[in-house]
1. Could you list, ordered by first residue, the pairs with Cβ atoms under 7 Å in which the first is in the range 60-77 and under 16 Å from T23 (Cα atoms) and among the basic types (K, R) and the second is modelled with pLDDT of 95 or more and assigned to a strand (DSSP E or B), at least 6 apart or interchain?
2. Picking from L102, L51, which residue would you name as being within 21 Å of the chain's Cα centre (by Cα), over 29 Å from R17 (Cβ atoms) and among the aliphatic types (A, V, I, L, M)?
3. Kindly evaluate I59 against the criterion of being over 17 Å from I253 (Cα atoms), more than 15 Å from the ligand (Cβ to nearest atom) and either in contact with a Ser or Thr (Cβ under 9 Å, 6 or more places away or on another chain) or assigned to a helix (DSSP H, G or I) (or both).
4. Please state which one of D233, D211, D244 is surrounded by fewer than 20 Cβ atoms within 10 Å (Cβ to Cβ) and of a type in the set (D, E).
5. Considering only the range 172-187, I want to know if a residue exists there that is within 22 Å of D4 (Cβ to Cβ), outside any loop (DSSP other than H, G, I, E, B) and in contact (Cβ under 8 Å) with a residue 12 or more places away in the chain.
6. Is there any pair with a first residue in the range 242-253 that is within 16 Å of the ligand (Cβ to nearest atom) and a second that is charged (D, E, K, R) and part of a helix (DSSP H, G or I) whose Cβ atoms are under 9 Å apart and which are 6 or more apart or on different chains, and what are they?
7. It is to be established whether one or more residues within the range 30-40 are at pLDDT below 95, on the phi < 0 side of the Ramachandran plot and either within 12 Å of the ligand (Cβ to nearest atom) or surrounded by fewer than 19 Cβ atoms within 10 Å (Cβ to Cβ) (or both).
Amino acid sequence: MLIDVHGHIGRVLPDRREFVDVTNLIAKMDAWDIDVTCILPLSEHPEGAYLECNTEDVIAACARYADRLIPFCLIDPRYGNRADMDFSHLLEEYTARGCKGLGELLPKMDFDDPRCLNLYRQAGKFGLPVLFDMQDSATGYGLRDHFGLPRMERALNLCPETVFIGHGPTFWAEISGEVPRDNRSSYPEGPVAPGGAVPRLMRKYPNLQADISAGSGHNALTRDPNFGVEFLDEFQDKLMFGTDSCKRSDVHIIWMTVDLIGDLRANRKLSTDALDKLEWRNATELLRLNVS
Ligand SMILES: [Zn+2]
């Protein structure tokens, strides 16, 4: 069983010619031996409009393949533009319609902006983990934080009922105690220095988990292969497989995190138990999925 907690569909801007529809997503899942995929909307955020897909699109797509696709919902924390906005009318509806998580949250806001904290808390009350992207660039998308992730730590403290699923270049750059000043929103190379914020926060806070999707997750786990395996082993109860594939043409390649899982299994780099958790058991428990 392989569950991808980070899938996408939608038309890709600016020219909209690249179009991942649900049929293409299923073809990728079949090519990569993925049994179940969580689909994450993006375009509730203006920053996420590069991939045209909102919560309604996701729910409609998942209804067509109910045994293989799981919907996430998305709400922009700036909706209502106040720190006490009540989102329960949306959260009630989305959970009733089968949504299992909230994300991909990627507004260009501080991680502990009061409007974000308000959304995190309410998602937690409805049992929805929050899957986020982080980039510290001034433009583009992604939550922001300082070196060492103090704003994220504040949110983890203030929202203990909310489980956060970490993802994205800046999150994964912070796996190392030495984060390059000029390469924090990309793919830092070379050995991982001790004392990184991500392992420290994952040890300390039960409500911080992560998916291993995308170039950023793959890079973090392969830039220093021995460290990567140790990290996967230590946090085997808090990590989940994901792809973050956004292109139609990806069906023609072996996706990098699929390749990584295959290597871990074929070369017995992790125990069968740890691999099962990474591939499906952690996702099944956290998202309360009814799959077999
Ligand atoms: Zn994504």
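1. Partner pairs satisfying both residue conditions: R68/V36; R68/T37.
2. Values: L51 fails: over 29 Å from R17 (Cβ atoms).
Only one candidate passes the filter, namely L102.
3. Working: over 17 Å from I253 (Cα atoms): yes; more than 15 Å from the ligand (Cβ to nearest atom): yes; either in contact with a Ser or Thr (Cβ under 9 Å, 6 or more places away or on another chain) or assigned to a helix (DSSP H, G or I) (or both): yes.
The answer is yes for I59.
4. Values: D211 fails: surrounded by fewer than 20 Cβ atoms within 10 Å (Cβ to Cβ); D244 fails: surrounded by fewer than 20 Cβ atoms within 10 Å (Cβ to Cβ).
None of the others qualify; the one that does is D233.
5. In the first step, residues of the range 172-187 are kept if they are within 22 Å of D4 (Cβ to Cβ); the result is 172, 175, 187.
Among the residues that remain, those that are also outside any loop (DSSP other than H, G, I, E, B) are: 172.
Now narrow it down to the ones that are in contact (Cβ under 8 Å) with a residue 12 or more places away in the chain: 172.
Yes, the range 172-187 has at least one match.
6. Hits for this filter: T243/K28; T243/D250; S245/K28; R248/K28; D250/K28.
7. Restricting attention to the range 30-40, the residues satisfying the condition of being at pLDDT below 95 are none.
Scanning the range 30-40, I find no residue that is at pLDDT below 95, on the phi < 0 side of the Ramachandran plot and either within 12 Å of the ligand (Cβ to nearest atom) or surrounded by fewer than 19 Cβ atoms within 10 Å (Cβ to Cβ) (or both), so the answer is no.
Yes/no matrix, rows are residues, columns are (1) crowded, with 20+ Cβ neighbours inside 10 Å; (2) within 16 Å of the ligand (Cβ to nearest atom); (3) farther than 21 Å from A197 by Cα:
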| residue | (1), (2), (3) |
| --- | --- |
| E93 | no, no, yes |
| D112 | yes, no, no |
| Y120 | yes, no, no |
| K125 | no, no, yes |
| Q135 | yes, yes, no |
| L143 | yes, yes, no |
| T170 | yes, yes, no |
| S176 | yes, no, no |
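The values are calculated or read from the model by the stated rules, or taken from the named source; none is laboratory data. Remember, it's a predicted structure, so these values are computed and weren't measured experimentally. FYI the Cβ positions are ideal-geometry reconstructions off the backbone, even for glycines, and counts take in every protein chain you see.
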